[in-house]
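The values are calculated or read from the model by the stated rules, or taken from the named source; none is laboratory data. The shown structure was predicted, so the numbers you read here are calculated from the model rather than taken from an experiment. Heads up, the Cβs are rebuilt from the backbone with ideal geometry, glycines too, and the neighbour counts pull from every protein chain shown.
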Amino acid sequence: MTQQQTTISPALVSAFAPSGTLRASINLGNPILANKNAATGEPVGVSIDLAREFARRLGVAIELVVFEKAAASVDAVKNEKADIGFFAIDPARSEGLLFTAPYVLIEGSYLVPDASALTDNAQVDANGNRISVGAGSAYDLFLTREIKAAEIVRLQGAGPALAALRSGEVEVAAGIRQMLEGEAKRAPGVRVLPGRFMVIQQAMGTPASRGTEAQALLAAFVEEMKASGFVADALKRHRIEGASVAPAA
């Protein structure tokens, strides 16, 4: 047993893993944090590495509870179908969850057709523009608060949101910059606007019922993972671009 494991009280271990197994909610809708291994089909990525390491610190087994969309992943933790999760920090998600500080920062950007007159993020929020988003995503929540004139079209995931732009149903698609750049490379006809409209702060979270001591332990774990180089190494190992390690809290 490692030194870290011996410092965690049995009460806190039980708070995180009452069944004896740590259930980690994994969102495959964010390719920066989680993907499926092409050969095995198993989830891989930064969030999986963090989940496994935290379970190791607790001295318990790990179960990955996998979802295709952020909203479903969040709901699993809120409804105590999972013990920890990996989410973008947003006020709309605060009820029922306790967050750490972010461990990774990701840019949210816009994708437009090559023929679009739009050249700047500030031009997007205008009458007549429709913006497709994955319903319940971090950028959906952000744009719901910030967009005043344009129309937000909420679809079931990033794939349909990108398809809506390709088909002409919307003028703009919002998403994670790396994903949008990948879409632009995949097939001609679209381009990513320069810069970003938001920075997505990816953090770990646990049900509010687990208590503030549990939150403090999870927060300290995240800070150690950033400071030790664990998060940076995971990003490099999984060949992730478009994300940076968040600064110390």
Point to revise | Test for ALA92: is it in contact with a Ser or Thr (Cβ under 6 Å, 6 or more places away or on another chain) and without any contact (Cβ under 8 Å) to a residue 60 or more places away in the chain | key: no
Practice item. Take VAL44 and decide whether it is among the aliphatic types (A, V, I, L, M) and either more than 18 Å from ILE240 (Cα to Cα) or touching a helix residue (DSSP H, G or I) at 6+ places or on another chain (Cβ under 8 Å) (or both). Key: no
Check your understanding: Filter segment 113-149 for residues that are of a type in the set (Gly, Ala, Ser) and modelled with pLDDT under 95; which is nearest to VAL172 (Cα to Cα)?
Key -> GLY134
**Study point:** The one condition in (1) over 30 Å from PRO10 (Cβ atoms); (2) in contact with a Lys or Arg (Cβ under 9 Å, 6 or more places away or on another chain); (3) not β-branched (Val, Ile, Thr) that ALA149 fails to fulfil
**Key:** (2)
Review point. What pairs can you find where one residue is in segment 213-239 and within 23 Å of ASN35 (Cβ to Cβ) and charged (D, E, K, R), the other is buried (at least 21 other Cβ atoms within 10 Å of the Cβ) and at pLDDT 95 or above, and their Cβ atoms are less than 6 Å apart, with a gap of 6+ or different chains?
Key: LYS226/TYR103
Practice item. Scan segment 208-223 and give yes if some residue there is closer than 25 Å to VAL46 by Cα and within 16 Å of the chain's Cα centre (by Cα), otherwise no. Key: yes
Review point. For LEU141, are the conditions met, namely being free of Cβ contacts under 8 Å to residues at least 60 places away in the same chain, in contact with a helix residue (DSSP H, G or I) (Cβ under 9 Å, 6 or more places away or on another chain) and buried (at least 24 other Cβ atoms within 10 Å of the Cβ)?
Key: no
Practice item. Give segment 137-167 a look and list any residue that's among the hydroxyl-bearing types (Ser, Thr, Tyr) and within 17 Å of ALA126 (Cα to Cα), or say none. Key: THR144
